[in-house]
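To keep things clear, I will list the structure first and then write my remarks on it.
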Amino acid sequence: MIPISLSLQNFLSYGENVPPLDFSGFHVACISGRNGHGKSALLDAITWALWGEARKSGSERRPNDGLLRIGATEMRVDFEFFLENDRYRISRSFRKTGKSATTRLEFQIYSPETNAYKTLSEESAVRQTQASIDTLLRMTYETFINSAFLLQGRADEFTRCKASQRKALLSDILGLSHYDDLSSLARERAREGDIELATARAKRDDIVQTIEKRDEFVAQRDGVNAQLQACNSELESAENRREELRKIRTQRERREAEREALQKEISRIESDMQEQQTACEKAQQDVATYREILDRRAEITNAAEKYRALQKEDADLQTKLHTLRPLEKRAGELDQKIADRRHEVERRLGEWQIRIGDAERTLRETEALLSDRETIQTQLEALHKARQQDREWEEIRENRERVERNIRDIERQIDSAIENIKIEISTHTHHRQQTDVLVADIETRRETRRSLRVQAEEIQSLEAKRDEIRNKGSAYKIQIENNSERLNTLQQAREDIAQQQQILQNVQDASCPLCGSELDQTHREEVATKLSNQMREQQTQIIQLESDIQKAEAEREQHRHRYQKIKNQLAQSEDTAQHLAEAEAALKEAEKAVQTSETLSAKISDLETQLREQTQNSPDARALSQAHSALENLTYNPAEHRTLREKLKALDSVEAQNAQLQLASEQREKVLAELPAFREKRDLAQQWLDEAKYAPNEQAEREQVHQRIRTLDYNAEHHQRISPQLAALQDAPTQYERLQVAERDLENAQTQFNTAKKRLTELTERDGQARQRLTEITAAINSAESTLEEANTLEKTIAQMRAQRDNLLQQNAALQSQIEHCDALSAEQNAVEEKIKSCERDIRIYRELTTAFGKDGIQALIIEQAIPEIEEEANRILARLTDNRTQIALESLRDLKTGGTRETLDIKISDELGERSYELYSGGEAFRIDFSIRIALSKLLSRRTGTRLRTLVIDEGFGTQDAEGLDHLVEAIQAISGDFEKILIITHVESLKQAFPVRIEVTKYPDLGSRFEVLY
């Protein structure tokens, strides 16, 4: 990571409209200024932009609030940097509104095609965007401040932290978290393998348990078959009995129909009896009335004779009128009775016609059914034959399906094995192709390594020249600074002499203005001469120093140009070391690929042999051949079977038709027996209607009544003329008329009474006969109730037996499936055993990988390899800083009191006085130790991560050093400057400001906040 520019707004002490800080114009720079003016804030802004963390916010409850400038509500930092030839920009802002706050993070990459930045941020997702940044940088804030960033107040963090924390931090610096991920992945794969192994073992146990139950399943199937045969026999007997009961039920239904007809007949007879009873009562009442009138005959006759003299004619007419009205009334009654009798005969005629029509229709229907008797019998025989053929075809089909399933299972196993072998062949072939590419490139890689080694030697030569020129430049710089200080002293002395000369000329007192003694003329001249000589001497020295300074600056400028030229040459070859390491690794990879290619060729050959054997001589192939032979022996014609099923479907109704045929035969016999009687009764009723034989007495009486009415010859008009005269005598004629009516109608009323009584007796006899027949039929129906109950019970029994049969069939099919499943599992058992062995092998490998990738495996080896590198680099820097007086040692193992060792990461520090604890060293000594270790860690991180970390920041500790220590620190920084693209040093020590070519001066203003100025 190489910084390009930094922009701040309201961050810590920086306010609005702060110009961006451009890092591209310098390599090493010193950030200086007074305490609290905002030097460290610039670096805090970089870490806050990259990770959202800074020195002053890590422990606060709301970190961003502590970074926001007092009085502001929003802060923002924009940071641009180079990383592996790509240019990135990160913009992080924080806005505070009342009690809530929002943070925004924008991550962008520069696109040369569009000459603009394009976003890499996750929309509205700060955490995901931060994760992308961490992935790009491959380091956290803690790793950065413990390696490349010597943060103020935390330079000794690595040294003072516990051994376990120190080792964890070193793991982060070395990027060993990748091995933790690999260890976790291997552990997860091992866990998955355990689950898969447990599943396979459980499956194997299930297979063994299931296969052991095969004989039990066979015995259960035979028992179920025996129960099925017994059940079928019982079911057949029950169905035969149900057929007998069905006939009895049919006869009972006919009797119920007859009973219903009798009940209707009894209802009609009761209605007629009610009518006759009413007529009988009415006739009896008329007879009693008439006899009562006749008993008063003498009285009525005398009353009539008294009035007959007064109005004989009116009496005659009245007599005729009284005679006519009863006759008319009687005639109406007789007409009604005759009509009732005719309606009765017509009703009976209709009933017999309906019965005859029903019988004839039934006869036609039964004859139509009986005409198909031979056809139905033929179809019934065909149905039984077709059912037998269907059972045979179904058995063949089930056998073929079982064999076909077996073939499909074997083919799937063969295909799966072949596919696995092909995948392995393809994988090995692809791997071999990749290795062949590396093998073909081996000579090129050797030439590249040789060329890079030559370049590395040239770079080492240039670095030596660069260091020599830099040392000379530093000497010239020190010389210039010393001469400048002497020049300043001489110039100040010259000004003092000039001031004394001015005072001497202006003062006229007797005392000397310089020493206070008496000043005479001689003394005045001596003093003036002395001052003049001192002035000339100072001027000569000043001229000489200015000349020396100019020459030294000229020489320094020449060395600076030479240094910059060599630096540019080194910058062009800065990646040579990395390229050389990459070339070495690539050559080793190619040499290893030669062996890998040969191994892969042998594996591919073995797999191809396995592939040929799998398709020809394997047990699965032989089993497949046997299954195909068995399938050829099972001849099955699906079309013929479907045709037979359609025929069965078409013949399903034959059994019902046969039952209907039997019922129709019984109905035909009954109808043929009843039809002659129905026709005889119908003809008799029709004859009565045609010859009017119904109600003969009423017809005769009606004729008599009509004759009497004609005989009276009653004249109504004449009667109306004499009616007013008879009004006063109307009671006597009425009585006489009643007497005549009684005399005339008594016999008829008596006859009607006798007729109604006789008809009532006949109806009573018919009602008794019908009720007796109804009783007999009801008794017969009731006697069949037990048969009906037996039929209902039998239906339930048959349903239960059928359900039992279906259950037995299902059990038989399930047991057969279990037996077939056992047979299939027997073939699968070997594959499961192989699966278990494969899982156990994989689990063992993954557990070994878990250990290998863990803290005590590869990571420990890498740390062991890195410790000498850190130790060597730290001691090299520390030797410069302490003139070889102090050195450190890193120990990764510690002896235990109980015996043995334990892994650790202890720092042992020693000087000319011997080994001492870190806490016993002075502040300056401790800082030099911390500085050496931290620079070693930074360089280690730089080498381990390639070009990712190319910046070093130092914000610590210069105030603890004396002049000699500062010189050593400057020399150490200059020595390591070639290892970093950018080095930033933060200090307020005045003597260090001139030690670096570029200075960033930071000043804090009360109204504007902090501002910086880059001084070259």
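Sparsely packed loop sites in the stretch 199-306 (the trypsin sites (Lys or Arg not before Pro) outside DSSP H, G, I, E and B with at most 15 other Cβ atoms within 10 Å) comprise Lys213, Arg296. The share of accessible area on the stretch 373-612 that comes from carbon and sulfur is 46 percent, using a 1.4 angstrom probe.
For a straight C-alpha distance cut-off of 24 angstrom, the lysines reachable from Lys837 (same-chain residues fewer than eight places away being disregarded) are Lys203, Lys422, Lys603.
Distance between the pseudo-spin-label points of Glu419 and Gln353 (7 Å out from Cα toward the beta carbon): 8.5 nm. Enumerate the lysines that Lys647 could reach by cross-link, defined here as Cα to Cα under 18 Å, with residues fewer than 8 away along the same chain left out. Cross-link targets: Lys385.
Across the options Ala593, Trp352, Ala803, the greatest Cα extent toward the positive end of the charge dipole of the chain (unit charges at beta carbon of Lys, Arg, Asp, Glu) belongs to Trp352.
Projecting the Cα positions of Phe678, Ala230, Ile418 onto the charge dipole of the chain (unit charges on Cβ atoms of Lys, Arg, Asp and Glu, taken about the Cα centre) puts Phe678 furthest along the positive direction. Once the mean of 1/r is taken over each pair of separate Cα atoms and inverted, the stretch 373-612 shows a Kirkwood hydrodynamic radius of 29.9 Å. Where both bridge residues fall in the chain, DSSP classifies roughly 75% of the beta bridges as antiparallel. For the stretch 327-460, taking Cα atoms only, Rg and Dmax work out to 52.6, 167 Å respectively. Between the stretch 563-612 and the stretch 257-283, the alpha-carbon centres lie 124 Å apart. Peptides 96-105, 672-681, ordered by how many other C-beta atoms sit within 10 Å of their residues on average, highest first, read 672-681, 96-105. In this structure, the pairs whose alpha-carbon distance is over 26 Å, taken from Lys337/Lys757; Lys337/Lys681; Lys167/Lys592; Lys567/Lys1004; Lys329/Lys681; Lys908/Lys939, are Lys167/Lys592; Lys567/Lys1004; Lys329/Lys681.
Legend: P(r) of the stretch 256-298 from all alpha carbon pair distances, 10 Å bins from 0, whole percents, reading 25, 25, 20, 15, 10, 5, 1.
Accessible area per residue for the chain, computed on protein heavy atoms with a 1.4 Å probe, is 58 Å². Which percent of the accessible heavy-atom area of the stretch 659-718 goes to carbon and sulfur, probe 1.4 angstrom? Here it works out to 48 percent. Taking one quarter of the surface of the convex hull spanned by the alpha-carbon atoms of the stretch 530-683 gives a direction-averaged projected area of 41.8 nm².
Taking every alpha-carbon pair in the stretch 775-891 and binning the separations at 5 Å intervals from zero gives 2, 8, 6, 6, 5, 5, 5, 5, 5, 4, 4, 4, 4, 4, 4, 4, 4, 3, 3, 3, 2, 2, 2, 2, 1, 1, 1, 1, 0 percent. Straight-line cross-link reach from Lys99 at under 22 Å between alpha-carbon atoms covers these lysines, not counting any fewer than eight positions away in the same chain: Lys56. Estimated at 0.36 nm per residue, the fully extended path between Gln229 and Val454 surpasses their Cα-Cα distance by 71.1 nm. What area, in nm² and to one decimal, does the C-alpha convex hull of the chain cast on average over all directions? The orientation-averaged projected area of the Cα hull of the chain comes to 107.2 nm².
When the chain is fully extended, how far beyond the present Cα-Cα distance does Ser100 get from Arg679, taking 0.36 nm per residue of separation?
Working it through step by step, the gained length comes to 197.4 nm.
The values are calculated or read from the model by the stated rules, or taken from the named source; none is laboratory data. All figures in this text were calculated on a predicted structure; none of them were measured in a lab. Neighbour counts run over all protein chains shown; Cβ positions are idealised from the backbone, glycine included. What goes into the accessible areas is simple: the full protein's heavy atoms, side chains included, and nothing from ligands, DNA or RNA. Shrake-Rupley method; radii C 1.70, N 1.55, O 1.52, S 1.80 Å.
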